[in-house]
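S.K.: Here you go, one structure.
The values are calculated or read from the model by the stated rules, or taken from the named source; none is laboratory data. Because the structure is predicted, anything quoted here is derived from the model rather than measured. Every residue, glycine as well, gets a Cβ built from its backbone with ideal geometry; the counts of neighbours run over all protein chains shown.
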Ligand SMILES: Cc1cc2nc3c(=O)[nH]c(=O)nc-3n(C[C@H](O)[C@H](O)[C@H](O)COP(=O)(O)O)c2cc1C
């Protein structure tokens with residue numbers, strides 16, 4: 001007998017939870033079953049199909065008569081478990097044509113909507129809202145999409161020079177704001193409360209991602225971190241800047257310390273869980289953050305600013321800066337920033353080191 005190579009074990013006292021992440025099955029083992037399983041893991045050849053526990057392990061697919069080759073991966077176990085564990089999700093019902101799909105989809109929406117969605121962040125407690133200037137749509141329009149796409153690049157050499165509040169308003173409205181221009185898309189097929197639309201697509205139309213503006217040098221705004229209210233096009237102070245350079249919050253990437261402004265993109269996982277019960281939806285959180293990040297970068301480029309991005313967050317420090325809890329349903333995923341600089345892909349210090357290395 002051979003051990004199924006695709007299960008992992010969670011300690012849930014007094015039981016063990018056995019999770020076959022490839023077949024999407026879970027079993028809870030009491031201490032007797034747990035002890036027997038541990039014995040068999042060491043000596044699978046001792047599995048006895050006439051023993052009731054062993055027979056159940058066999059039936060559960062934890063042991064197999066034919067050796068299973070583990071899926072080749074080449075990366076760490078955790079990424080393998082997550083990727084395979086969120087792949088080939090069993091589908092209770094697969095619609096066979098467009099009519100079946102429509103009926104099924106409508107029924108699913110009704111089922112989801114039977115429970116109230118997680119509420120948006122409340123605007124009424126805490127510091128006053130700071131209204132932002134109207135976005136400069138004409139400036140963004142004039143830049144031209146193809147030119148902007150070609151010009152966007154990652155820069156790692158910024159000066160602290162201020163970014164204007166109008167630019168910040170344009171960036172935030174066109175990245176995260178709920179577009180007034182689309183408010184008239186009066187589509188009866190869209191469920192009540194889900195009409196808000198951004199310039200980027202959003203998983204399930206939930207707008208689960210939010211943005212916290214990092215302000216070091218924006219004209220007319222005190223340094224600090226502000227929550228952006230996409231429905232109001234307004235900011236709300238969350239916290240003054242921590243007494244640590246930005247690079248400290250971003251895994252030691254200190255070349256970014258002078259950056260005048262940036263955006264921490266967070267995701268409200270509770271909104272995703274509400275509509276999508278499987279952890280595959282976790283993948284969508286990052287995809288959505290990526291859309292927002294790219295939109296931000298294209299806009300900043302169109303406004304004549306240099307851009308930078310990172311997913312390397314020093315999570316505990318970022319949470320402290322954003323006022324989020326480690327266990328909160330809202331988690332920080334990504335950071336994207338912009339400002340003025342020399343447009344170089346690397347900071348001067350690194351360029352000098354490279355030049356010194358290359359010198360004869
Ligand atoms: C998901 C993602 C994460 C990234 N993380 C970092 C980062 O931590 N630090 C950094 O300096 N650049 C980061 N980058 C930027 C890439 O290094 C950059 O996009 C790549 O070198 C290509 O250069 P370009 O953006 O100028 O085309 C990241 C890019 C992406 C898409």
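S.K.: Does residue 259 count as crowded, with 20+ Cβ neighbours inside 10 Å, assigned to a loop (DSSP other than H, G, I, E, B) and either in contact with a strand residue (DSSP E or B) (Cβ under 9 Å, 6 or more places away or on another chain) or in contact (Cβ under 8 Å) with a residue 24 or more places away in the chain (or both)?
M.R.: Taking the combined requirement at face value, the residue satisfies it.
S.K.: Test residue 209 against the criterion of being within 16 Å of the ligand (Cβ to nearest atom), modelled with pLDDT of 95 or more and farther than 30 Å from residue 115 by Cβ, and give yes or no.
M.R.: The answer is no for residue 209.
S.K.: Right, something else. Does residue 301 count as modelled with pLDDT of 95 or more and touching a helix residue (DSSP H, G or I) at 6+ places or on another chain (Cβ under 7 Å)?
M.R.: Against the criterion (modelled with pLDDT of 95 or more and touching a helix residue (DSSP H, G or I) at 6+ places or on another chain (Cβ under 7 Å)), residue 301 qualifies.
S.K.: Please verify whether residue 277 is within 28 Å of residue 88 (Cα to Cα), more than 16 Å from the ligand (Cβ to nearest atom) and at pLDDT below 95, treating the condition exactly as stated.
M.R.: So residue 277 passes the test.
S.K.: Continuing with this model, one more query. Please determine, by comparing only the residues of the stretch 147-160 that are within 16 Å of the ligand (Cβ to nearest atom) and over 9 Å from residue 298 (Cα atoms), which one is farthest from the chain's Cα centre (by Cα).
M.R.: Only one residue tops the list, namely 147.
S.K.: Starting from the stretch 281-294, keep only residues that are in contact (Cβ under 8 Å) with a residue 60 or more places away in the chain, then list their pairs with residues that are within 9 Å of the ligand (Cβ to nearest atom) whose Cβ atoms are within a distance under 6 Å, requiring at least 6 positions of separation or different chains.
M.R.: 289/334
S.K.: Something else: Within the stretch 65-74, identify whether any single residue is part of a helix (DSSP H, G or I) and exposed (fewer than 13 other Cβ atoms within 10 Å of the Cβ), and answer yes or no.
M.R.: no
S.K.: Being surrounded by 18 or more Cβ atoms within 10 Å (Cβ to Cβ) and assigned by TED's automatic domain parsing to the domain that holds residue 319 is true for just one of 174, 179. Which residue is that?
M.R.: Result of the check over 174, 179: 174.
S.K.: Looking at (1) in a helix (DSSP H, G or I); (2) within 16 Å of the ligand (Cβ to nearest atom), which is the only condition residue 267 fails?
M.R.: Just one mismatch for residue 267, condition (1).
S.K.: Determine which single condition residue 51 fails, assuming it passes every other condition in (1) touching a strand residue (DSSP E or B) at 6+ places or on another chain (Cβ under 9 Å); (2) more than 23 Å from residue 277 (Cβ to Cβ); (3) surrounded by 14 or more Cβ atoms within 10 Å (Cβ to Cβ).
M.R.: Evaluating residue 51 over (1) touching a strand residue (DSSP E or B) at 6+ places or on another chain (Cβ under 9 Å); (2) more than 23 Å from residue 277 (Cβ to Cβ); (3) surrounded by 14 or more Cβ atoms within 10 Å (Cβ to Cβ) leaves (1) as the failure.
S.K.: Still on this model: Which members of the stretch 1-37 meet the condition of being more than 34 Å from the chain's Cα centre (by Cα), surrounded by fewer than 17 Cβ atoms within 10 Å (Cβ to Cβ) and under 27 Å from residue 88 (Cα atoms)?
M.R.: Listed by number, the list holds a single entry, 2.
S.K.: Scan 289, 285 and give me the residue that is at pLDDT 95 or above, over 19 Å from residue 307 (Cα atoms), in a helix (DSSP H, G or I) and in contact with a strand residue (DSSP E or B) (Cβ under 6 Å, 6 or more places away or on another chain).
M.R.: Just a single option satisfies the conditions, and that option is 285.
S.K.: Of the residues 40, 58, which single one is surrounded by 12 or more Cβ atoms within 10 Å (Cβ to Cβ), more than 29 Å from residue 274 (Cβ to Cβ), at pLDDT 95 or above and touching a helix residue (DSSP H, G or I) at 6+ places or on another chain (Cβ under 8 Å)?
M.R.: None of the other options fit; the residue is 40.
S.K.: Please go through the stretch 295-317 and pick out each residue that is in contact (Cβ under 8 Å) with a residue 12 or more places away in the chain and either more than 13 Å from the ligand (Cβ to nearest atom) or within 15 Å of residue 210 (Cα to Cα) (or both).
M.R.: Answer for the stretch 295-317, where residues must be in contact (Cβ under 8 Å) with a residue 12 or more places away in the chain and either more than 13 Å from the ligand (Cβ to nearest atom) or within 15 Å of residue 210 (Cα to Cα) (or both): 295, 296, 299, 302, 303, 305, 315, 317.
S.K.: Within the group 184, 167, which residue is closer than 28 Å to residue 236 by Cβ, out of contact with any strand residue (DSSP E or B) (no Cβ under 6 Å at 6 or more places or on another chain), in a helix (DSSP H, G or I) and away from the ligand (no atom under 16 Å from the Cβ)?
M.R.: So the residue among 184, 167 that is closer than 28 Å to residue 236 by Cβ, out of contact with any strand residue (DSSP E or B) (no Cβ under 6 Å at 6 or more places or on another chain), in a helix (DSSP H, G or I) and away from the ligand (no atom under 16 Å from the Cβ) is 167.
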